[in-house]
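Here is the structure we will look at.
The values are calculated or read from the model by the stated rules, or taken from the named source; none is laboratory data. Worth saying up front: this structure is predicted, and the values here are computed from it rather than measured. Because the Cβ atoms are built from the backbone with ideal geometry, glycine has one as well, and the counts that use them run over all protein chains shown.
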Amino acid sequence: MFSLDEKVVYPGHGVARICRIIEKNIAGSNARFFELEFFNKKMTILVPVDSVICAGIRKLSSIEHINDTFAILSEPVAKPLHEACVTNWNKRNKEYQCKIRTGNIREICKIYRDLRHISANKELSFGEKNLLDQTEFLLIEEISMVTHADEAKVIERLRSIFKNTDTTKVVPSVKGKITQTSSMSM
């Protein structure tokens, strides 16, 4: 499934590299682990080889998935904004955290889009701001890895989608599809 030195996404934490495969004897049984080293965090974790799917570890998204991500960001929010603003934050946060734990880039993208729309209507709470920062980080890291683009350009592109928007619809500012060699030209 995964190989040594492969870049993978660990849900909620970002992109990591499989730097080693380790064998350990645990309770009399031999177990194999992937040692994951994160690119933007000083963190290394061990994940049992047999549990990578349960842990939600996945390969990096394809260019097509990245293009879909930008298309999702340009779509209007699913719920009316006034509804999202008055919904109990604890309930929304629980839903958002479940979606982040899936590691699905489309779901993370929708959370980011929704929070950007909410921030256009009201000031975000501390928890909402943290969640917005987390989803933005996860998107930026993966998009820059897949497209080989500078993170600053990815940030600029993501945020530019939400400039000059009204409260009901995002003005699409996606300028063409991304290719592996495009380096996110603006």
Query raised in the report: Looking at (1) assigned to a loop (DSSP other than H, G, I, E, B); (2) modelled with pLDDT under 90, which is the one condition that is false for residue 149?
Result: (2)
Report summary line: Given (1) touching a Cys at 6+ places or on another chain (Cβ under 8 Å); (2) β-branched (Val, Ile, Thr); (3) at pLDDT below 90, residue 77 misses just (1)
Report task. Scan 22, 57, 26, 53 and give me the residue that is aliphatic (A, V, I, L, M), buried (at least 17 other Cβ atoms within 10 Å of the Cβ) and either touching a strand residue (DSSP E or B) at 6+ places or on another chain (Cβ under 8 Å) or not assigned by TED's automatic domain parsing to the domain that holds residue 136 (or both). Result -> 57
Query raised in the report: Out of 98, 54, which single residue is under 24 Å from residue 132 (Cα atoms) and not charged (D, E, K, R)?
Result: 98
Report task. Identify, by number, the condition in (1) modelled with pLDDT under 95; (2) in a helix (DSSP H, G or I) that residue 139 doesn't meet. Result -> (1)
Query raised in the report: For residue 62, all conditions in the list (1) surrounded by 14 or more Cβ atoms within 10 Å (Cβ to Cβ); (2) in contact (Cβ under 8 Å) with a residue 40 or more places away in the chain hold save one; what is the number of the exception?
Result: (1)
Query raised in the report: Only one of 91, 41 is at pLDDT below 90, basic (Lys, Arg), more than 22 Å from residue 162 (Cα to Cα) and not assigned by TED's automatic domain parsing to the domain that holds residue 138; which?
Result: 41
Report task. Could you please give the count of residues in region 105-127 that are within 18 Å of residue 77 (Cα to Cα) and outside any helix (DSSP H, G or I)? Result -> 3
Report task. Please determine, by comparing only the residues of region 24-59 that are among the small types (Gly, Ala, Ser) and assigned to a strand (DSSP E or B), which one is farthest from residue 138 (Cα to Cα). Result -> 29
Report summary line: Of those in region 29-44 that are polar (S, T, N, Q) and touching an Asp or Glu at 6+ places or on another chain (Cβ under 9 Å), the residue surrounded by the most Cβ atoms within 10 Å (Cβ to Cβ) is 40
Requested in this report: Check 47, 15 and return the single one that is surrounded by 12 or more Cβ atoms within 10 Å (Cβ to Cβ), closer than 30 Å to residue 157 by Cβ and either among the charged types (D, E, K, R) or outside the structural domain of residue 125 (by TED's automatic domain parsing) (or both).
Outcome: 15
